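Colleague: Please find one structure pasted underneath; my questions will follow.
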Amino acid sequence: MKSKLLFALSAFALLAGLTLFLPCRAPAGGLPPASGYSVLAPIRHGNLTVFPVVASHSFDTKDFLTLDEGLRSGQVIVTESGSVQPLMRRRLIPPGPQVNQLVLVNNSNRPLILLAGEIVTGGKQDRVIGKDRIISPESDPVDLSVFCVEPGRWVGTSDRFGVKGAVGGLIQAPMAAPNVRAKAMADKDQQQVWSEVGKTRIAMAEAVPAPAAPGVRGTSSYAGVMGNQEVKQRIDSVAEPIQRNYQSLIRQLREQNAVGVVVAVNGRIVWADIFASTDLLEKYWPKLVQSYAAEAFLTHGTSGEVEVRRAQEFINHLDGRHETVDSEPGLYRHTEIAGDGFRAFELTSLLPKTGFDLHVAKMAE
């Protein structure tokens with residue numbers, strides 16, 4: 001069986017023009033990975049490099065609902081504060097829309113995962129979720145900490161928020177690129193989020209052909225910029241080769257617990273996203289790779305190579321100088337770790353029969 005798998009992977013590598021290897025349980029140097037994660041040989045396209053990550057153990061996450069699944073089914077409702085009164089079960093929500101506040105109701109019988117960086121469009125302004133969290137099944141209206149990613153509008157386009165854009169054949173909430181995610185997750189500053197959105201809009205307008213540039217400059221919406229046809233084509237040209245090759249790899253390495261990626265742009269490691277299971281990774285992967293491709297497209301410079309050893313070191317080291325913990329007993333714990341040159345964020349499920357990390361994000365500073 002092992003020889004057949006090795007042969008299949010070798011054939012795939014030749015076809016894809018990549019060098020892929022079966023995961024070993026120890027990184028270069030022979031030492032076991034302290035984190036329980038092992039990094040594989042990279043997939044590269046242009047200045048974007050993605051290192052697949054496999055885990056020593058995978059968890060059962062089938063009972064969890066993603067934001068995309070909830071919005072598509074109508075079981076999850078996101079709206080401006082003050083617009084949710086008919087849905088209230090027990091407690092009141094302060095009236096009136098707020099820039100940094102939305103209200104969510106989970107009407108499903110499954111716990112809902114929210115990831116920092118997911119964008120919901122509509123209402124008076126598009127918003128980006130500020131931190132990972134879990135929403136309980138059949139929840140009361142929940143105040144969400146969000147940041148505006150559309151500074152030029154404060155006029156309602158719809159009562160409820162939804163998703164915008166098709167990714168992999170499905171309508172999904174866009175995922176902000178790491179440069180915007182970082183401002184929301186680490187800096188937690190609305191002005192810095194707006195500043196990063198503005199820089200993105202200018203950079204995209206400069207990168208696309210002149211006829212398309214006015215359409216990019218003419219919107220203040222981050223999702224609108226990323227949904228511009230010319231911009232989308234440019235990002236897809238980077239994302240699609242990576243997505244196809246890694247999607248195939250996920251299927252081949254399902255038994256090896258493929259759970260995440262380490263991401264490098266221009267030879268510099270910038271980010272890592274790791275999940276509790278291959279199933280969760282597969283659900284988030286299409287929009288994650290789009291966000292990484294957007295970061296690569298926006299980042300000028302010469303392409304460089306990063307060694308597997310450096311990627312392994314990046315995910316091995318999660319101990320920092322300071323930790324900030326926010327939790328809802330019996331539901332989740334969110335831990336922010338500040339270390340030398342990095343920030344890490346761990347979302348741990350505290351629901352019955354869980355107690356594991358659903359998502360770990362790490363950014364280089």
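Just so it is clear, none of the values below were taken in a lab; they were calculated from the coordinates. Computed from a prediction, not measured in an experiment: that's the story for all the values here. Cβ atoms come from the backbone with ideal geometry, glycine included; neighbour counts cover every protein chain shown.
Colleague: Under the 0.36 nm per residue contour assumption, what length would be gained going from the current alpha-carbon distance of Asn100 and Asp319 to full extension?
Modeller: Length gained between Asn100 and Asp319: 75.8 nm.
Colleague: Taking neighbour counts of Cβ atoms within 10 Å as a proxy for exposure, in what order, fewest first, do Arg153, Arg133 appear?
Modeller: Working: Arg153 16, Arg133 22.
With the sparsest Cβ surroundings first, the list reads Arg153, Arg133.
Colleague: Give, in nm to one decimal, the length gained when the segment between Asp357 and Asn109 is fully stretched (0.36 nm per residue of separation minus the Cα-Cα distance).
Modeller: Stretched fully, the Asp357-Asn109 segment lengthens by 87.2 nm.
Colleague: Here is a follow-up. Within the set of other residues whose C-beta is less than 12 Å from the C-beta of Thr61, count the net charge using Lys and Arg as +1 and Asp and Glu as -1.
Modeller: That sum, taken over residues with Cβ under 12 Å, equals -1.
Colleague: Here's a follow-up. How would you rank Asp319, Asp132, Asp140, going from fewest to most other Cβ atoms within 10 Å of each one's own Cβ?
Modeller: The most exposed by this proxy come first: Asp319, Asp140, Asp132.
Colleague: Neighbouring Cβ atoms within 10 Å as the yardstick, rank Ile202, Ile77 fewest first.
Modeller: Least crowded to most crowded, the residues run Ile202, Ile77.
Colleague: Then there's this: Just list whichever of Lys199/Lys232; Lys188/Lys232; Lys62/Lys183; Lys232/Lys287 have alpha carbons separated by over 24 Å in the model shown.
Modeller: Pairs exceeding the cut-off: Lys188/Lys232; Lys62/Lys183.
Colleague: Using the beta-carbon distance between Ala210 and Glu240 and R0 = 22 Å, what value does 1/(1 + (r/R0)^6) give for FRET efficiency, to the nearest 0.05?
Modeller: In this case the efficiency is close to 0.30.
Colleague: In the stretch 281-330, what trypsin sites (Lys or Arg not before Pro) fall in a loop by DSSP, with at most 14 other Cβ atoms inside 10 Å?
Modeller: The qualifying sites are Arg321.
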